[in-house]
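A.B. asks: Dumping the structure here so I can ask a few things about it.
Coordinate-derived values only; no laboratory data. From a predicted model like this one, the values you see are computed outputs, not experimental measurements. So basically every Cβ, Gly included, is an ideal-geometry build from the backbone, and we count neighbours across all protein chains shown.
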2 protein chains.
Amino acid sequence: MAFVVDRAFEAASVPAADWPLCHVRLQDDARFPWLVLIPRRAGLVELIDLRVEEGAQLWVEIARASGLIRVLGEHAGLPVEKLNVATLGNVTRQLHVHVVGRRADDPLWPDPVWGRPGREPWPSGARAALLRLAAAP
Amino acid sequence: MAFVVDRAFEAASVPAADWPLCHVRLQDDARFPWLVLIPRRAGLVELIDLRVEEGAQLWVEIARASGLIRVLGEHAGLPVEKLNVATLGNVTRQLHVHVVGRRADDPLWPDPVWGRPGREPWPSGARAALLRLAAAP
């Protein structure tokens, strides 16, 4: 079974990079710097479905995404005060990890960002700039 | 600086175990099997504050908690259909990881469990039984 990104992700995010384990997407929401990491192996649902070495690599990529989120937040004028890292999957089953930069003046603080309305797509120029930053090696 | 559990955790959870890295608490909410893992090192806020070997151990303990949550859910008649694993910390800063067992007929499905009212403390007998299961080696 080949890995394919669930089409549900296309509604709210855009491809940003492919790292050794994960397909990385930028959530298209100008309220938060927000990345979604999708391990590129078919059939994964839970973190514990990962092999040990995949889990270790996911940890590395979560750390990388955490650093990148701070960079994206600075660039977008949304400086990160707290990272939210979560794997839920209640709606879209394919294993994915959210890495979201939060700040005390963001529109949903201190509540979680998931399952709440109000997404505001990035202006196209800003989105392109963030994607360039995310694509840097 | 010595590690101390933030007193904010006392309002809604009870001590369940101490694993090699984490102090483990049972969220006192009969709607969900729910554990909170608090790495026992002072001053931690973000996952990326962990040393590499601590991150690897946290991964092991998240996997252990994931298995335990399934056991607790079975015991409590709340069979787990999806695991939610998250570190937010928007309200309580001390680094902690939630491992929550969700099911399609739970009261908040498919929304996240955090920041929502409606906590229902476990009946004392049920809480004691879950704590016995959690304390097993």
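A.B. asks: For residue B:136 and residue B:81, FRET efficiency with R0 = 41 Å and r from the beta-carbon atoms, rounded to 0.05?
C.D. replies: 0.95
A.B. asks: Could you work out the equivalent-ellipsoid semi-axes for region A:9-80, taking the square root of 5 times each eigenvalue of the Cα gyration tensor, largest first, in whole Å?
C.D. replies: 24, 14, 9
A.B. asks: Something else: Roughly how crowded by other chains is peptide B:42-51, in terms of the mean Cβ count from those chains within 10 Å of each of its Cβ atoms?
C.D. replies: 3
A.B. asks: Using a Debye calculation, one point per C-alpha and no hydration shell, please list log10 I(q)/I(0) for region A:85-124 at q = 0.15, 0.26, 0.35 Å⁻¹ in order.
C.D. replies: Values, matching the q order: -0.45, -1.09, -1.22.
A.B. asks: Per residue of B:110-116, what is the mean number of Cβ atoms on other protein chains within 10 angstrom of that residue's Cβ?
C.D. replies: 6
A.B. asks: Please express the Cα-Cα pair-distance distribution P(r) of chain A as a list of whole percents, one per 10 Å bin, running from 0 to the bin with the greatest distance.
C.D. replies: 12, 46, 35, 7, 0
A.B. asks: List the equivalent ellipsoid semi-axes of the protein assembly as shown in whole Å, largest first, each obtained as the square root of 5λ for an eigenvalue λ of the Cα gyration tensor.
C.D. replies: 30, 20, 19
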